[in-house]
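See structure below.
The values are calculated or read from the model by the stated rules, or taken from the named source; none is laboratory data. Just so you know, these numbers come straight off a predicted model, no measurement behind them. Cβ placement follows ideal geometry from the backbone for every residue including glycine, while neighbour counts extend to all protein chains displayed.
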Amino acid sequence: MLILTKAVLAIMIGFILSTCLGTILIPYLKRLKASQRLSIYLEEAHKKKIGTPTMGGLIFIIPTIITVILLLIGKKIELSYNFIIVVFTFISYAVIGFIDDFLIIKRNNNKGLTEKQKLFSQIIVAIVFFYLFMKADNEPLLWIHAIHLKLNIGWFYGLFILFVLVASSNAVNLTDGLDGLAGGLSAIAFGTFGIISLATGWLDGYISIGIFCFILLGSILGFLVFNVSPAKVFMGDTGSLCLGATLGTIAILTRHELLLIVIGIVFVVETMTCILQIVYYKLTKKRLFLMTPIHHAFEMKGWNERDIVKLFWIIGLIGSMVAIVYGVWL
């Protein structure tokens with residue numbers, strides 16, 4: 001019951017702080033004209049969104065960091081190498097995303113960091129991740145729980161970490177195209193990983209990681225107050241990159257990388273449609289989908305934005321429930 005109380009408190013604190021910060025930050029972002037240009041393919045459908053400020057990820061990033069610091073000072077959670085990895089990845093990807101958003105706003109176009117600059121930054125994060133991971137006496141094992149298989153891949157695990165971070169961060173980034181879509185799915189995913197983390201008793205720092213997930217869940221819910229349709233602010237790369245990378249980090253630490261695919265099923269589908277579209281177009285010079293990511297294809301078919309978001313939320317929730325049954329109960 002104490003753990004449940006801590007989880008509820010974490011959600012509540014995160015929600016209150018992010019709601020308060022959003023009320024203060026959004027007018028400031030508007031004054032700075034911190035808006036991002038929309039794709040030329042979406043200008044007509046999303047013309048009402050022109051001028052909406054971005055970098056809204058700060059609304060859930062800053063409260064999460066503040067709450068973690070307060071809980072550490074109050075000795076409500078403990079610091080461990082594994083928890084440091086989570087916080088380090090969260091902040092590092094937030095910084096990468098913030099720089100990308102800042103350059104886009106400053107240059108008044110959609111050109112932020114180059115792909116090489118992003119990849120270099122992610123490699124640095126992966127190296128530090130791997131160092132801390134091994135420092136915490138974790139083994140570089142690929143676990144396939146379904147068949148009870150453990151594979152020691154040595155230093156290749158560093159490349160695996162890089163792959164998961166890049167894939168998960170970009171998946172959330174691609175999904176962030178409709179009001180509340182990526183935020184709602186991320187809230188569901190972190191709630192799920194919070195439950196899974198608290199059930200991973202063998203992991204050093206598992207309680208702190210679980211509480212962190214619930215803090216972030218509360219902060220994202222506060223952000224959604226301003227991000228659901230019609231959105232008053234977008235999370236931008238500042239938010240989407242750090243959310244995706246943090247989900248990947250927790251999946252790695254809890255050894256549930258494959259469950260990440262189930263929990264983030266919508267993120268996976270959104271990414272795969274983009275990849276299939278590119279491959280199919282190169283082979284045939286035709287489009288496989290009307291538009292990618294797939295949520296835009298639904299828009300072009302005349303679906304209401306809110307209906308698309310609700311449908312995808314439900315799919316994400318079903319995937320998460322399946323993951324909890326397998327990852328916690330079975």
Name, by its number, the condition in (1) in a helix (DSSP H, G or I); (2) surrounded by 18 or more Cβ atoms within 10 Å (Cβ to Cβ); (3) of a type in the set (A, V, I, L, M, F, W, C) that does not hold for F88. (2)
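Name the one entry in G180, G154, G201 that is on the phi > 0 side of the Ramachandran plot and more than 22 Å from the chain's Cα centre (by Cα).
Within the list G180, G154, G201, the selection yields G154.
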Here the residues within region 3-41 that are more than 20 Å from I196 (Cα to Cα), of a type in the set (S, T, N, Q) and either at pLDDT 85 or above or surrounded by 20 or more Cβ atoms within 10 Å (Cβ to Cβ) (or both) are S18, T19, T23, S35, Q36
Please work out which one of (1) of a type in the set (G, A, S); (2) in a helix (DSSP H, G or I); (3) closer than 19 Å to F190 by Cα is the condition G56 fails and give its number. (2)
Specify which of the listed residues (L119, L151) is out of contact with any Gly (no Cβ under 7 Å at 6 or more places or on another chain), under 15 Å from C242 (Cα atoms) and of a type in the set (A, V, I, L, M). L119
State whether the residues of region 270-283 include one that is closer than 28 Å to F98 by Cβ and within 16 Å of the chain's Cα centre (by Cα). yes
What do you reckon, is K135 touching a Phe, Trp or Tyr at 6+ places or on another chain (Cβ under 6 Å), farther than 30 Å from N304 by Cβ, without any contact (Cβ under 8 Å) to a residue 12 or more places away in the chain and surrounded by fewer than 23 Cβ atoms within 10 Å (Cβ to Cβ)? no
Among (1) part of a helix (DSSP H, G or I); (2) under 24 Å from the mean Cα position of the chain (by Cα); (3) exposed (fewer than 15 other Cβ atoms within 10 Å of the Cβ); (4) at pLDDT below 90 - the single one I105 does not satisfy: (3)
In the set I196, I215, which member is over 15 Å from the mean Cα position of the chain (by Cα) and buried (at least 24 other Cβ atoms within 10 Å of the Cβ)? I196
Of the candidates F223, F267, the one satisfying the condition of being in contact with a Ser or Thr (Cβ under 9 Å, 6 or more places away or on another chain) and over 28 Å from H148 (Cβ atoms) is F223
Give G177, G201 a once-over and let me know the one that is closer than 22 Å to D101 by Cβ and either polar (S, T, N, Q) or not in a helix (DSSP H, G or I) (or both). G177
